Every structure is written in C-alpha cells, then in structure tokens.
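Take a look at the structure set out below.
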Amino acid sequence: MAEQLKTVEVVAGLVIKGGRVLATQCAPHKHGGGWEFPGGKLEPGERPQEAVVRELAEELDVCVEPGELLCTVEWDYPTFHLRMFCLECRLVSGTIRLREHADARWLCADELDSVDWLPADVEVLAALERRLRRS
C-alpha cells in the first residue's frame, strides 16, 4: 500500500493590476529560483483570505484585498501533497518590496510562459490566462 503524503495547505495571491499579474522569483537557494505566485502556508485555524493578506504583507510589504478563489491546485511533490488556494487580490496600499524573492515581474496573458514556473503554479496558468484576457 502506498504511503499517504502529508498535506500542506498554502495560499497564492494572484495580484492583478491593469490586466497583468504579479509573478515572483524564488531566491536561488529556494526551489531552484523558480517562479511562483506569492503566498505561503496557512496557519492553524486561518482562512485562505486571511492567510493571503498576512503572507503578502510579510513577503512584499503590501496590503491586498482578497477577492474570488480562482482555483485550487492539488499537487504531489515527492515528500508532501500540496493544496494551493489561488485567490485573486487587489493591491490596496504599499509599494512592492521583495523581502524573500529574487525578482518580480508584472505579466500579461501573452507573457505567462516567459518565466520558469514551479510545477504547482503551472496548473494555475490556464485559468489565469482566461481571467487576464477578460480584464
């Protein structure tokens, strides 16, 4: 019988502004410098909407207002199962300051494939592209 992987629940903030979404590059020592949507782990008892506000404040020094859940990604990494709640977010205040990431870019729908996404984040791209094209 296959071993059950531990489930880790995280949020990803899809910060959309002017028809573009914010993508962040991990530091080289973290996930090989791949690109992701900013966010992080849910704390015990925390709702995804609360977690995304907290995580983006910690990682980017900004205040966001969470909106709709665009999608939920279920992804198996070698040592854990990831459940990622992907929430659209509106930038309310602050200037983006990279506290944990190496780089950041605002990408339009046609540019989503211009960066090397982490595997779980790739799963978000089709839904996100449709959303950006509606903007």
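The values are calculated or read from the model by the stated rules, or taken from the named source; none is laboratory data. This is a predicted model, so every value here is computed, not measured. Ideal geometry is used to build each Cβ from the backbone, glycine not excepted, and the neighbour counts take in all protein chains shown. The protein model used for the area step is the full one, side chains on, heavy atoms only, and it has no ligands, DNA or RNA in it. Shrake-Rupley method; radii C 1.70, N 1.55, O 1.52, S 1.80 Å.
Couple of notes before you dig in:
For (1) open to solvent by 20 Å² or more (accessible area, probe 1.4 Å); (2) free of Cβ contacts under 8 Å to residues at least 40 places away in the same chain; (3) assigned to a strand (DSSP E or B); (4) of a type in the set (Lys, Arg), each residue gets a yes or a no:
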residue: Leu56; (1), (2), (3), (4): no, no, no, no
residue: Leu70; (1), (2), (3), (4): yes, no, yes, no
residue: Cys89; (1), (2), (3), (4): no, no, yes, no
residue: Asp103; (1), (2), (3), (4): yes, no, yes, no
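- Among the candidates Pro66, Pro44, Pro78, residue that is open to solvent by 30 Å² or more (accessible area, probe 1.4 Å), without any contact (Cβ under 8 Å) to a residue 60 or more places away in the chain, closer than 16 Å to Arg131 by Cα and not in a helix (DSSP H, G or I): Pro66
- All positions within region 105-118 that are out of contact with any Asp or Glu (no Cβ under 7 Å at 6 or more places or on another chain), assigned to a helix (DSSP H, G or I) and surrounded by 14 or more Cβ atoms within 10 Å (Cβ to Cβ): Glu111
- Listed conditions (1) in a loop (DSSP other than H, G, I, E, B); (2) at pLDDT 95 or above; (3) among the polar types (S, T, N, Q) are all met by Gln25, apart from (1).
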